[in-house]
Amino acid sequence: MGGSNIANQPGTYGTQGTPAPSNVPGARLFHVSWTDAAGNFWLFGGLGYDSVGNNSYLNDLWKYSAGEWTWVSGANLGNQTGTYGTLGTAAPSNVPGARNLVVIWTDAAGNFWLFGGEGYDSTGTDGFLNDLWKYSAGEWTWMRGSNIGNQTGTYGTQGRPAPGNVPAGRVEALGWTDAAGNFWLFGGSFASSSGTSEFFNDLWKYEP
């Protein structure tokens, strides 16, 4: 349907917000994807090739519709720092840092939500992230968590919601949405400063 039959291709981004037959995301893995209510396909981030062929963490957001790709948000160069703005406030300049191995959900209104992964925080440091983002009406909003990587979790009291509760930074967690529209998250892993891997079995619920 599209793309190259040769591996390790850089992305062809074109003009942001404008679909074109020649546009195509760079080769990558550990990205995330979903389908919106209109049947359009979306793709975010991962580890792969940017517009100049650098193998790096990505934060580009793409939409595939009517047989053409559109570069919607993020950078066409890899290893980008996150621009968080003000917690809870959408802004055109907001964007998650480049990352891979995130957890995603979509809510009842069709908005896209993203949590954690490994990548770049607001200082440009590579680490394990616990930030929660919402993408709606063409803008990103930093909703919860820290703008600094490698955070420990704040668990509070089991079974009780609290504004200060937040999972630790992690990768490869499992996420799903229940019939009431609540987001659930289970497990994942974190690499400590000593290089050992820590594996979680904590179960979290978030009511968007």
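Summary table
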quantity	calculated
Where a residue in the range 81-100 is at positive phi and its partner, wherever it lies, is in a loop (DSSP other than H, G, I, E, B), with Cβ under 7 Å and at least six apart	Gly85/Ser93; Gly85/Asn94
Test for Gly46: is it crowded, with 24+ Cβ neighbours inside 10 Å, in a loop (DSSP other than H, G, I, E, B) and in contact with a strand residue (DSSP E or B) (Cβ under 7 Å, 6 or more places away or on another chain)	no
Test: residue in the range 143-151 that is assigned by TED's automatic domain parsing to the domain that holds Gly2 and in a loop (DSSP other than H, G, I, E, B)	no
Residue identified as within 22 Å of Phe115 (Cβ to Cβ) and either β-branched (Val, Ile, Thr) or part of a loop (DSSP other than H, G, I, E, B) (or both) among Ala7, Ala37	Ala37
Subset of the range 84-108 (residues that are of a type in the set (A, V, I, L, M, F, W, C) and touching a strand residue (DSSP E or B) at 6+ places or on another chain (Cβ under 6 Å))	Leu87, Ala90, Val95, Ala98, Leu101, Val102, Val103, Ile104, Trp105
Given (1) free of Cβ contacts under 8 Å to residues at least 12 places away in the same chain; (2) surrounded by 14 or more Cβ atoms within 10 Å (Cβ to Cβ), index of the condition Ser33 fails	(2)
Residue in the range 49-61 that is in a strand (DSSP E or B), among the aliphatic types (A, V, I, L, M) and surrounded by fewer than 17 Cβ atoms within 10 Å (Cβ to Cβ) present	no
Single condition Ala75 does not satisfy, out of (1) touching a Lys or Arg at 6+ places or on another chain (Cβ under 7 Å); (2) in a loop (DSSP other than H, G, I, E, B)	(1)
Subset of the range 133-142 [surrounded by fewer than 17 Cβ atoms within 10 Å (Cβ to Cβ) and either hydroxyl-bearing (Ser, Thr, Tyr) or under 17 Å from Arg170 (Cβ atoms) (or both)]	Ser136
Unmet requirement for Thr70, which otherwise passes all of (1) touching a Lys or Arg at 6+ places or on another chain (Cβ under 7 Å); (2) assigned by TED's automatic domain parsing to the domain that holds Ala180	(2)
Qualifying residue in the range 101-108 (condition: modelled with pLDDT under 95 and either outside the structural domain of Pro19 (by TED's automatic domain parsing) or of a type in the set (Gly, Ala, Ser) (or both))	yes
Residue in the range 170-206 that is farthest from Val103 (Cα to Cα), counting only those that are at pLDDT below 95 and exposed (fewer than 11 other Cβ atoms within 10 Å of the Cβ)	Ser194
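Each row is one residue, and each column tells you yes or no for (1) touching a His at 6+ places or on another chain (Cβ under 7 Å); (2) within 22 Å of Thr141 (Cβ to Cβ).
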residue	(1), (2)
Thr18	no, no
Phe44	yes, yes
Leu47	no, no
Asp50	no, no
Asp60	no, yes
Leu77	no, no
Asn94	no, yes
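The values are calculated or read from the model by the stated rules, or taken from the named source; none is laboratory data. Given the structure is predicted, the values throughout are model-derived calculations rather than measurements. Heads up, the Cβs are rebuilt from the backbone with ideal geometry, glycines too, and the neighbour counts pull from every protein chain shown.
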